[in-house]
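Nothing in this text is a laboratory measurement; each read-out follows from the coordinates by a stated rule. All values derive from a computational prediction rather than experimental measurement. Because the Cβ atoms are built from the backbone with ideal geometry, glycine has one as well, and the counts that use them run over all protein chains shown.
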Amino acid sequence: VFRKNEADFAIDDQFYVGSSALLIKPVMEKGVNKASVYLDEGDQVDHNYFMHEAYPGSACGKHATLSAALHEIPVLIRGDSIVPMRERFRRLSLLMKADPFTLCIA
């Protein structure tokens with residue numbers, strides 16, 4: 001999961017997007033409404049994107065249980081990260097060119 005810890009390489013059901021700012025845990029099983037996410041070691045705080053909850057780091061990795069309803073994929077934002085987003089929904093990405101950015105600061 002996290003490139004600094006080789007023991008985490010065996011975890012193959014969650015991944016980082018970007019420069020390790022977003023941790024995604026897709027749910028691949030039918031009828032599941034919770035997911036266990038592995039948080040790697042460190043003193044950073046991970047923030048749940050949808051539920052606005054914080055998960056503090058620890059000296060060793062740990063698991064956190066997140067809601068995984070059909071309409072919300074478990075997404076965590078690493079503390080001290082800035083994620084630029086465009087929040088207006090458009091049918092064509094070309095129309096988003098002039099839309100403003102929102103900065104999500106964790």
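Summary of values
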item: Sparse-neighbourhood loop sites, GluC sites (Glu not before Pro) in region 34-103 - DSSP loop, at most 11 other Cβ within 10 angstrom; result: 87
item: The chain: relative contact order as a whole-number percent, Cα under 8 Å and 6+ apart; result: 23 percent
item: At most 15 other Cβ within 10 Å, DSSP loop - chymotrypsin sites (Phe, Trp or Tyr not before Pro), region 15-70; result: 50
item: Length released on extending from residue 71 to residue 103, taking residue separation times 0.36 nm less the Cα-Cα span; result: 9.3 nm
item: Unit charges at the beta carbon, dipole of the chain: most positive-side option, 11, 79, 92; result: 92
item: Residues in region 61-104 that a label on residue 33 would reach, taking backbone N under 13 Å of a point 7 Å out along Cα→Cβ; result: 67-72
item: Dipole magnitude of the chain about its Cα centre (Cβ charges: Lys, Arg +1; Asp, Glu -1), debye to nearest 20; result: 580 debye
item: 96, 85 arranged by Cβ crowding within 10 Å, fewest neighbours leading; result: 85, 96
item: Estimated D of the chain in µm² per second, where Rh is the Kirkwood radius over Cα pairs and Stokes-Einstein applies at 25 °C, 0.890 mPa s; result: 163 µm²/s
